[in-house]
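What follows is a short report on a single structure.
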Amino acid sequence: MKEKLQEMRQEVLKKLQEVKNVEAIKEIELKYFSRKGELSTFLRGLKDLSLDLKKEVGGLANQVKKELEDKLLEIKTEFLHKEGQANIPDDLTLPGKILTRGGLHPITIIQQEIEDLFISLGFMVLDGPELESDYFNFTALNIPPLHPARDMQDTFYVFNPQKKIQDLDLVMRTHTSPAQIRAMKKYGAPLKAIIPGRCFRNEATDARHEHTFYQFEGLMIGNNINFSNLKSILELVGKKLFGENTNLRMRPKFYPFVEPGNNGEYTCFLCSGKGCRVCKQSGWLEIVGAGLIHPSVLLAGGLDPSKYSGLAFGFGLTRLAMLKYGINDVRFFNSGDLKFLEQF
Ligand code: PHE
């Protein structure tokens, strides 16, 4: 037994002396020291010996085991150190590894820019639910059930098991305007707020239409809010987004929740108003729906229309991002395509 042990000791020491890399050390570790390795098996075999023999060989065996383990660790550490050093490039001026970083979505970038502008004007930035009640999305905004204006904003209707009257039906909100009512109810007047968010409509999807898109709503309510306030705010937004030379033109348009209602159009920033493909040769870009808040809507928000007046506007945030970055297909935004997203 003792000879066998001495033999194994010599063998391992010799091998350890000859190793040239960590890989070789690991092989030795496996061959002798692993659970089924030769040394471990030998030591396990000691328990079957007679008591005398066990005493005699056991002590020596543990001594040898310790000696070999120490030696192995020493050599292993030495080689790990050496090989670690070998990984350091000779030329320390070589560029380092580039860590890939995530970035903001183009819509988020524009949204933050707009939030900053309105915060500087003293507006609150609010939020509203994407799954809305039929009441907030339509009825409270002066679009009663069966009103034809509902047809223009068909959406995804969601079954509400608790409903007792139609107003409690749930819809994926078709615009951010329902948040107007929520804001009025919660904060009363005077009130200045914008509400950015995701909206949904039943669309046959193509390069200009998407079932999921972003808007941001704005409203300002007080004692004497009038059309000139609206015009100046919309002008400011246009200049901020598209530059100082941007003009605004407002044309009448019907929205049930504003009176008078209008469409805000800005000088096409691409052709400076001369007419091009983007503005369909008109020189103007239609970007915002706006108007003075209809008295019925103020009432629905719990405000007295004889005391307060207000303005409201709704920008297509997705549309703004498309214009700002020259994106010609709205479907890119929700595609999750990294080739698209990494450009911002
Ligand atoms: N909610 C309207 C839309 O989605 C936009 C709008 C908002 C118009 C506020 C007037 C006032 O088309």
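A compact table of results
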| item | result |
| --- | --- |
| Single residue of region 251-287 satisfying the filter (under 12 Å from residue 313 (Cα atoms) and either touching an Asp or Glu at 6+ places or on another chain (Cβ under 9 Å) or of a type in the set (Ser, Thr, Tyr) (or both)) that is surrounded by the most Cβ atoms within 10 Å (Cβ to Cβ) | 264 |
| Considering residues of region 119-138 that are surrounded by 15 or more Cβ atoms within 10 Å (Cβ to Cβ) and either in contact with a Cys (Cβ under 6 Å, 6 or more places away or on another chain) or in contact (Cβ under 8 Å) with a residue 60 or more places away in the chain (or both) only, the residue farthest from residue 240 (Cα to Cα) | 128 |
| Some residue of region 77-92 being under 30 Å from the mean Cα position of the chain (by Cα) and assigned to a loop (DSSP other than H, G, I, E, B) | no |
| In region 170-185, the residues that are basic (Lys, Arg) and away from the ligand (no atom under 13 Å from the Cβ) | 182, 185 |
| Filter pass, residue 233 being assigned to a loop (DSSP other than H, G, I, E, B), within 13 Å of the ligand (Cβ to nearest atom), over 28 Å from the mean Cα position of the chain (by Cα) and crowded, with 18+ Cβ neighbours inside 10 Å | no |
| Any chance residue 244 is modelled with pLDDT of 90 or more and surrounded by 15 or more Cβ atoms within 10 Å (Cβ to Cβ) | no |
| Output for region 265-323, where each listed residue is part of a helix (DSSP H, G or I) and of a type in the set (S, T, N, Q) | 296, 318 |
| Filter result for residue 185 (in contact with a strand residue (DSSP E or B) (Cβ under 6 Å, 6 or more places away or on another chain), surrounded by 12 or more Cβ atoms within 10 Å (Cβ to Cβ), at pLDDT 95 or above and not aromatic (Phe, Trp, Tyr)) | no |
| Region 324-342: number of residues that are touching a Gly at 6+ places or on another chain (Cβ under 9 Å) and part of a loop (DSSP other than H, G, I, E, B) | 1 |
| Contacts under 7 angstrom Cβ, first residue in region 283-309 being over 23 Å from residue 252 (Cβ atoms), partner surrounded by fewer than 23 Cβ atoms within 10 Å (Cβ to Cβ) and of a type in the set (D, E, K, R), 6 or more apart | 301/185; 302/185 |
| Selection count, region 284-301, where residues are within 10 Å of the ligand (Cβ to nearest atom) and hydrophobic (A, V, I, L, M, F, W, C) | 5 |
| Lone qualifier among 277, 251 - being free of Cβ contacts under 8 Å to residues at least 60 places away in the same chain, more than 16 Å from the ligand (Cβ to nearest atom) and within 30 Å of residue 205 (Cβ to Cβ) | 277 |
| Meets criteria (out of contact with any Ser or Thr (no Cβ under 8 Å at 6 or more places or on another chain), free of Cβ contacts under 8 Å to residues at least 60 places away in the same chain and of a type in the set (Phe, Trp, Tyr)) for residue 332 | yes |
| Scope region 310-344; condition within 14 Å of the ligand (Cβ to nearest atom) and surrounded by 21 or more Cβ atoms within 10 Å (Cβ to Cβ); matching residues | 310, 311, 312, 313, 314, 315, 317, 318, 320 |
| Subset tally (residues that are out of contact with any Ser or Thr (no Cβ under 7 Å at 6 or more places or on another chain) and more than 16 Å from the ligand (Cβ to nearest atom)) for region 254-268 | 1 |
| Boolean, residue 195 is within 16 Å of the ligand (Cβ to nearest atom), in contact (Cβ under 8 Å) with a residue 40 or more places away in the chain and over 29 Å from residue 331 (Cβ atoms) | no |
| Pairs with Cβ under 6 Å, 6+ apart, first in region 169-189 and under 17 Å from residue 156 (Cβ atoms) and touching a residue at least 24 places away in the same chain (Cβ under 8 Å), second of a type in the set (A, V, I, L, M) and more than 14 Å from the ligand (Cβ to nearest atom) | 170/131; 170/158 |
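The values are calculated or read from the model by the stated rules, or taken from the named source; none is laboratory data. All figures in this text were calculated on a predicted structure; none of them were measured in a lab. A quick note on method: Cβ atoms are made from the backbone with ideal geometry, for glycine too, and the neighbour counts reach across all protein chains shown.
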